[in-house]
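Worksheet: one structure, shown below.
The values are calculated or read from the model by the stated rules, or taken from the named source; none is laboratory data. Bear in mind that the values here come from a model prediction, so they are computed numbers and not experimental data. Using ideal geometry, Cβ is built from the backbone for each residue, glycine included, and neighbour counts are taken over all protein chains shown.
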Amino acid sequence: MSDNPNIEVQNIVTSGDLGEALNLNAIAIGLGLEDVEYEPEQFPGLVYRLDEPDVVALLFSSGKTVITGGKEPEDAEAATEVIISKLTDLGLLR
């Protein structure tokens, strides 16, 4: 057993709240089907795969979010900024 094990961050999971209810049907259409999975009869959240940062965001109709796959906390912050910007541009977030 080593006294200095090599520890590496593989995956950071964060949760957040956008502060308002979301229309997941409209978001799925607005963000485009190539980056989104939304099957409400299977799972109540929308799965949004971002390229930059390289994370997966789960969006729920309550406005709550879960962002996973980041290597640093800043990845979740950047992803949230991208999501807010895109939803605002689409008129889906105030």
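Quick notes
- Output for region 16-69, where each listed residue is of a type in the set (S, T, N, Q) and either closer than 17 Å to THR88 by Cα or at pLDDT below 95 (or both): ASN23, ASN25, SER61, SER62, THR65
- Members of region 25-45 that are surrounded by 19 or more Cβ atoms within 10 Å (Cβ to Cβ) and in contact (Cβ under 8 Å) with a residue 24 or more places away in the chain: ILE27, LEU31
- Test: LEU22 is in a loop (DSSP other than H, G, I, E, B) and touching a residue at least 60 places away in the same chain (Cβ under 8 Å): yes
- Some residue of region 78-90 being of a type in the set (A, V, I, L, M), part of a loop (DSSP other than H, G, I, E, B), in contact (Cβ under 8 Å) with a residue 60 or more places away in the chain and crowded, with 16+ Cβ neighbours inside 10 Å: no
- Residues that are over 16 Å from LEU18 (Cα atoms) and surrounded by fewer than 16 Cβ atoms within 10 Å (Cβ to Cβ) within region 57-77 comprise LYS71, GLU72, PRO73, GLU74, listed in sequence order.
- Note on region 31-71: no enclosed strands (runs of 3 or more DSSP E) hold 1 or more residues that are among the basic types (Lys, Arg) and touching a helix residue (DSSP H, G or I) at 6+ places or on another chain (Cβ under 8 Å).
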